[in-house]
Amino acid sequence: MFDKILIPLDGSKVGEAALPVVNKLIDKMKPGTQVEIFLIGVITLLRHWVVVGEASAPVSYTEDELKLIKERVADNLAQIAEQIKRPNVTVKTIVSAGSASDEILKAADDIKADLIAMSTHGRSGLRRLAFGSITDKVLHGSRIPVLMVRAAEGTKNE
């Protein structure tokens, strides 16, 4: 079945939609089956915009700012890991920086995952074109199964 499951999380409630589905999947496995879950958080914005009057410019985060962002992502993943940990489930966390889809696919290869379970924000049409679709890029770039879970209608993207 699935021994190693990678779950990308973006810090939002919408992004956590795959967690209950993975829990149900694990509950249906043969008793005693050991499962490793890897939660990954990817920092994609490595710079921010500074606006002064009418002018604006992109500014890279300092090492201290990037360290603080990584700590916040790691803390969020650790909290979620505590919530889903069970006797037959080991939960590990990964924090990386770069293109979300590239980092997810790289992590799946590195850990030799059997499944990527991720939420989809359910955008379509122009919104999907404008924002891109990380899920779509992972789906088409993955060599392993990708379980896509659409967030429930009305879920707030906090």
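No lab work stands behind these numbers, since they all come straight from the coordinates. A quick note: this is a predicted structure, and the numbers were derived from the prediction, not measured. Virtual Cβ from ideal backbone geometry, glycine too; neighbours counted across all protein chains shown.
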Exercise for review: Could you check, for the range 26-41, whether at least one of its residues is within 21 Å of residue 110 (Cβ to Cβ) and of a type in the set (Gly, Ala, Ser)?
Suggested key: yes
Point to revise | Residues of the range 59-73 satisfying the condition of being surrounded by 14 or more Cβ atoms within 10 Å (Cβ to Cβ) and aliphatic (A, V, I, L, M) | key: 66, 69, 73
Practice item. Read through the list (1) in contact (Cβ under 8 Å) with a residue 60 or more places away in the chain; (2) out of contact with any Leu (no Cβ under 8 Å at 6 or more places or on another chain); (3) not aliphatic (A, V, I, L, M), then give the number of the only condition that residue 38 fails. Key: (2)
Practice item. Kindly check whether there is at least one residue in the range 9-20 that is within 20 Å of residue 111 (Cα to Cα) and acidic (Asp, Glu). Key: yes
Study note, to complete from the structure: For the range 83-109 the number of residues that are closer than 28 Å to residue 62 by Cβ and either hydrophobic (A, V, I, L, M, F, W, C) or free of Cβ contacts under 8 Å to residues at least 40 places away in the same chain (or both) is 8
Exercise for review: Among the residues of the range 43-82, write down those that are in contact (Cβ under 8 Å) with a residue 40 or more places away in the chain and in a strand (DSSP E or B).
Suggested key: 43
